[in-house]
Amino acid sequence: QVLLGEPGGGLVQPGGSLRLSCEASERTFSRYAMGWFRQAPGKEREFVAAIRNGVTYYAESMKGRSTISRDNAKNTVYLQMSSLKPEDTAVYYCAAQTTPRFGFSTLTDFDSWGQGTQVTVSS
């Protein structure tokens, strides 16, 4: 199982920016589709963004406000977020698709998950 670590969360003011990172434990990282999800209190975990074969995908709520990228040399995927809103407050999780699948935006499309990092958007 790929182990994923996610530093980078924290408290940010509305309108601010934050970059999350997620480092994978395996050198085969470059083969995997990677994704970011989030879970707000009392809500289900939801898709935020994914990157697969160099192509990026975003949830409608995050289009134009986030960028997913990866550095295969560092086994790391990033999520840069800007114009953050209080409703973006959630625990953010990175995920790896170690077994290729057709989909990339549901929980069952991914095999390995990080522990999550808290992002709080508040003044």
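The values are calculated or read from the model by the stated rules, or taken from the named source; none is laboratory data. Here the structure is a predicted model, which means the values were calculated and not measured. When we count neighbours, we look across all protein chains shown, and the Cβ atoms used for this are built from the backbone with ideal geometry, even at glycine. The accessibility values were calculated without ligands, DNA or RNA, using every heavy atom of the protein model including side chains. Shrake-Rupley method; radii C 1.70, N 1.55, O 1.52, S 1.80 Å.
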Find the centroid of the Cα atoms in the range 1-72 and in the range 100-117, then give the distance between the two in whole Å.
11
Report the percentage of all Cα-Cα pairs in the chain whose separation exceeds 18 Å, rounded to a whole percent.
46
Step by step: find N for the range 36-90, compute 2.2 N^0.38 Å, then divide the Cα radius of gyration by it. What's the final number?
1.18
Share of accessible surface on carbon and sulfur in the chain, whole %, 1.4 Å probe and ligands ignored, is 48
Return the inverse of the average 1/r over all pairs of distinct C-alpha atoms in the range 65-123, which is the Kirkwood hydrodynamic radius, in Å to one decimal.
13.2
Extension gain, residue 30 back to residue 115 (0.36 nm per residue minus Cα-Cα distance, nm)
28.5 nm
Heavy-atom accessible area of residue 123, protein chains in place, probe 1.4 angstrom, given in Å² to nearest 10, is 130
Select from the range 53-107 those trypsin sites (Lys or Arg not before Pro) which occupy a DSSP coil region and have at most 11 other Cβ atoms within 10 Å, ordered by residue number.
63
What accessible area per residue, rounded to a whole number of Å², is obtained for the chain using a probe radius of 1.4 Å?
53
